1. Treating only the Cβ atoms of Lys and Arg (+1) and Asp and Glu (-1) as charged, compute the dipole magnitude of the range A:537-630 about its Cα centre; round to the nearest 20 debye.
2. Considering the range A:449-596, what Rg and Dmax in Å follow from its alpha-carbon atoms?
3. Which chymotrypsin sites (Phe, Trp or Tyr not before Pro) in the range B:90-182 pass both tests, a DSSP loop state and at most 13 other beta-carbon atoms within 10 Å?
4. Compute, for chain B, the length of the dipole vector about the Cα centre, with Cβ point charges of +1 (Lys, Arg) and -1 (Asp, Glu) only. Units Debye, rounded to 20.
5. When a footprinting reagent is the concern and you count Cβ atoms within 10 Å, what order do A:K492, A:K186 take, fewest first?
6. Run the numbers for A:A217 and A:L799: contour at 0.36 nm per residue of separation, minus the present Cα-Cα distance, in nm.
7. Order by neighbour count: A:V607, B:V249, fewest other Cβ atoms within 10 Å first, most last.
8. Hey, fewest Cβ within 10 Å first, where do A:R543, A:R768, A:R846, A:R495 land in order?
Amino acid sequence: MGKNKKPRERKAKVEKTNPFELKYNVQRTTSAKGRRNVVAVGKPKASVAMEKRAKTIGVEVKRQGIVNAIRDGRVGERSKHLSEEAKASMRYVEARRAAPKRFKFNLEDNDAAGDEEDFTLTHKGESITKVKRYEKPEVDSDPELDSNVVALANFGGGNLGFKMTDEDGQRRQFSRKDLLHEVISKSKDAKMIKQMARDDLVTAAETLDEKFKLFKASGELAKLASLPVTKFPPVPENHCDDYDEIYNTLIFDTTRKAMPTLSEKEKAEREAAKLRELEAERQKRMESDSESDGGDEPKSKKKKKANKDGFNVVYDEEGNIKGDIDAMKIKAPTDDHIGADEEVDDFYADDSDAEGDEAEDDEAEDGVDEDSEVEAEDGESEDASDDDEEEVDDDDDEEAESEEEESAPVDAPLPAMKTRDPPAPTTSKTPTKGKLLEDTSVPFVFDMPKTYADFRNLYTEYFVDQWPTVTDRLIKCHHPSLAEGNKRRMGKLFRFGLRFYDNLAKSLAAAQLSPMIEVLRKFQALNIEASASVARSLLLHKRAQFKPAPKAIARPTATFDIIAFFAAIGELFPTSDRVHAVTTPTFVFALEVLRLSQINSVQSVGVTLLMARIVAKWIQESQKFVPELINAIRILLELSVETKPGDYLLDPFAYRHISRKNGVPNALVVKSKETLPEAVVDSAELFKPEPALSDAALKLHLLRSLFGLIDLTVAVYERLPLAFGAIFAPHLILLQRIDASNYPAELKSLLTAVTEKLQSKTTEFAPREDRQRKVIHKVKCIKMVDPVFENDFDATNPLRGQRRLDPEAETNKLRKMVRKEKRGAMKELRLDAKFLALEQQQRDSRIRNERKEKTNQILHSLQVQESDYKKRKLKKF
Amino acid sequence: MSIEKLSFDSATDANTIKELLDGGEENLSKVRELVTKSTKPLRIVGTKAFVTPVITNVLEGVVAFSKQSKVPEACARAIISLLFKNADLYVFFFTYLELHPEALDNANATTENLWKFLINMPSPKEHLYPLLYCKEYEKFEFTESRRCAVFEKVWLKQLYRGIPQSMVVPVLRKLTSSVMADFKEPEMLGDFLTAFIERPGTNYGIFALEGMARLMLTRNFAYPHFFDTLYAKLPALVTFPSFEAVEFVGNFDSYMSSTHIPAYIVAGVVKRVSRICLTASVDLISVLLPSLRNMFINHQVVQELLHREQPASHESDPYDETASLKDCRAMESSLWELSALFRHWNTDIVSKVGWADSKIHPISDTNFKPLATQDVFNRAYKRKTENIAIADPRLLAAAEPKKWALL
């Protein structure tokens, strides 16, 4: 093949332009009209932007994964501000965190200690093996290289520049081999020295052990142990002072917190702040109409509740109707189920903790109690005043009989009627009985009174001023935090207390009532809910006794226990709340008593006045409008003027609860000169069979009280200026009609003061303007546009200058700019991505080509080898 | 041909009956047995019918029984239900009373016993059946018209004889509520009612207005002082037991619903009612407020009292409570009184007076169910005791002590 092949001359490659990629510019010329000159500008080349990219992100992409830097990852090392100590502590924390959990408590494995090692030798409290000096060396099975040696071997071998003389006396370059040789020999030496030292230690320890065993076997050690301790010098004890003790207790008591000590002023401030908070809360309750959660429950919910209750056992084991039912009995049948969500507390039940006989006794007592009550209820007739008294007596008689079995002294609400000698509540005030202990102080420990009799005996034994102490100690002995169930017992104590209070009131022991309220307050604070339900059950009981039937015209005049009941509730529960589970129903009952209580004597006038005062005080804070109170005051005023034709009191059909006999219509008219009693008269005086005050004196006292009451209501209802005149004008007329000629000077001045006050207030608050309801009309405005006058209006270009006038021009402009920039940025990002993709593609293709070329080379060399081999094989020698 | 005239044979043994009645309610059935045994309660001679002594004995026995002492109302009711609830005895009883109007009087209690019997008698228009049967009953029938006639005669006669004070209330209530409707000629009561309404010294006549209104509506009766009297006596409403007043308010609302009432009357009454609300009990207010609202709906003119387009300023309230309806100047006034009720202690009342502060929704309220005190109590009692607030002793210490039980 002798062809001489000439390398073919390649033509210069002319790039063909793709006509579709060409860019044209249209040039408008003015030479010929409408003639267009289209010029091909050329194929667009890579833009400047792409070149810029190649210089910026292109470089970055090329360096990616190739160039790096060393970063110090040690904790805190890079910080310039941290001290060495701080860095160390940070490292420690990090190390602790990294440490495995099983070392957390540093527990030693005691099981490993065998019989032989009963004794461990210690030195200054530490195990001797742990002390470095006496360390028992472990036999090193896997000797490690000295770290220095390793470091030298690995990295220290750089400095090989010096010369050395070898065994042959020739100076030559110090080679790496020499170095390694040296390192090995040195490390061997070091190891040997270490091993020897260890062997020495082991042998020494072994000999000592042997000696110790011998010593132990000889029994000398036991002697040593039996030596009296005193021989040793006293060890300086680590003295623990108070601070340390407190510290140690506090470490384990996590519930306590460190509090800053307060000065007296700070304490006072805090107390004031607390009071303010409480007051604010009270005001809130006063205004908030949260009846929805109480009264207006959705019906479905109510139904569910009722279903859940299932049925109530109405009869007890003996088949008698249970007591709490008869409290409900007199109620008119209504759809509403009273207190569906709570059990009606049987107020007079003396239940105990179901402990043995006592509980049974109590039950029996209950049974008897209830029987009598039921009977009394059955024999209910219209004139129930006698009935009621009988009922009460019956109660207590039965009670007494059943309690006799417990050999407990018994008190009675009416001590005069009893032949036994019980320490009646009234006697506890004065040390009449020999039983009373003047010299003995109050004991510190009290048993929990299980029955009402126990409770009564406990409190009748002490003077009134000792009651707080007794109560405090009783509570301390049986505080709810001491045992489970104590809270319930506190509720029971409250019930006993309230019953005791009620009995005190029935026996007219007025002086002991307020101390008892304080006692009740203490029990109440410990079990609020129980106290509320007990108070409610007493309310039901009292109301059942009073019998305010729907068509009742009048009821017997309220007794002192009812008055005392209102006083107790007013003291124990907030009367200012808008809605309250105890005070609101009590208030309703109070109004019923006020409205229906019969007036047939000066005393009963006093009772009505007392009730009116209670009602007025009840609403003193909430300032609620109570028409019943206004009416009662009006009636009282009518009673204190001489009747004249046209008065309601002369109308036989009006005010049917006021008797027209015995001069009652003029009950408060003063007909002869009398002196006003100085002292404040206790309300219990009204209820005593033989009153201390004469009727005339009582009249004057009642009048003074009445004027005070009017004054109080005027102060309360000042908040109703529009209706003030309408409310008080009739009062004023009656006040002006009062004949004060026989009044003492003090009362006279009181009357004139009230009259003048009322007069001035009536004129002051007289409505000046008609009522006008606020009517808020919603006016729909038409959008008005102000015309803009342009002086140089161009009709051909009406929108000229519009942009300038537009108030939002600036905003629009900016918005447009933002939009434009955003679009530009998006384009840039897109092109960046394109560029990067292109780069990647190019790199990939370059690698691919390289590989291909190498593969080709290898294949080529293999082919050459193969062909050589074949040639050699085929070659015939 | 039926016989009209009825005469009574003289009694032969009235004492037995009286003694039986004295024995108490257990013996009443024995009396009834005695009556039912008899086979001939009536005998007819020609055109005259005679009640035989069997029946006369009973009637005279009852008369003798009531003559001796006060008859308790329950006893009267028992006697009536056992004996006089039957058509024959009913007619005999009333005819006997017609012949002897003073039969049931007694020296101590005057006509009290009589009225107790009359009040508890069933209406003559009820379906009553004879207790006994005999042939003569076919000739002398106890028809409704016959019953009504004797009933009306006796009532009228006794009304004009006078009512003891203790019985005025029940008699008047019975008269206006049911007896008047049974009368053939109720206008005969006009004089009695007028006298009662205008009786001086009492305001109870306001309850007789119902009868008067009935006469005005059914018999074209004219009583020009109706609204004047109503206005004058209205404030006394609070002095009567609230259940009676509540019953009255239902009628009162219908009086005021007439669209022909002049504005000044409505305004005066509105003003009065709102003043009454300042002293009334809850149940009375709860019915007065809807009726007040209805007045505002029915009489657009008086809406000025709640809302004036051009409020005028006064020296004081122009309304004069003591003046007559014409001179009271209620139209110039406003209902300032209602502002007090917005602070009423009972939340239901506050919600009921809510309309006074907003535009009245023009639907009249016909719900005159009073808020019974029992319901008020139940509602108040229904509240749960969870998270209950107690009087904080610290707050009490800060405030002045109230001394509840001190006069």
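1. Details: 10 positive and 6 negative charges, 57 e Å.
The dipole of the range A:537-630 has a size of about 280 debye.
2. 15.9, 53
3. Working: sites: B:Y90, B:F92, B:F93, B:F94, B:Y96, B:W115, B:F117, B:Y133, B:Y137, B:F140, B:F142, B:F151, B:W155, B:Y160; in loops: B:Y133, B:F140, B:F142.
Filter output for the range B:90-182: B:Y133.
4. On the way: 46 positive and 48 negative charges, 129 e Å.
Computed charge dipole of chain B: roughly 620 debye.
5. Ordered by Cβ neighbours within 10 Å, fewest first: A:K186, A:K492.
6. Values: separation 582, 0.36 × 582 = 209.52 nm, distance 12.34 nm.
Difference between extended and current length: 197.2 nm.
7. Details: A:V607 25, B:V249 21.
By the 10 Å Cβ count, ascending, the order reads B:V249, A:V607.
8. Details: A:R543 23, A:R768 13, A:R846 10, A:R495 27.
Sorted ascending by nearby Cβ count, the order is A:R846, A:R768, A:R543, A:R495.
Every number in this text was worked out from the coordinates using simple rules, so none of it is lab data. Only a predicted model underlies this, so the values are computations on that prediction, with no experimental measurement involved. Note that we place each Cβ from the backbone using ideal geometry, even for glycine, and neighbour counts take in every protein chain shown.
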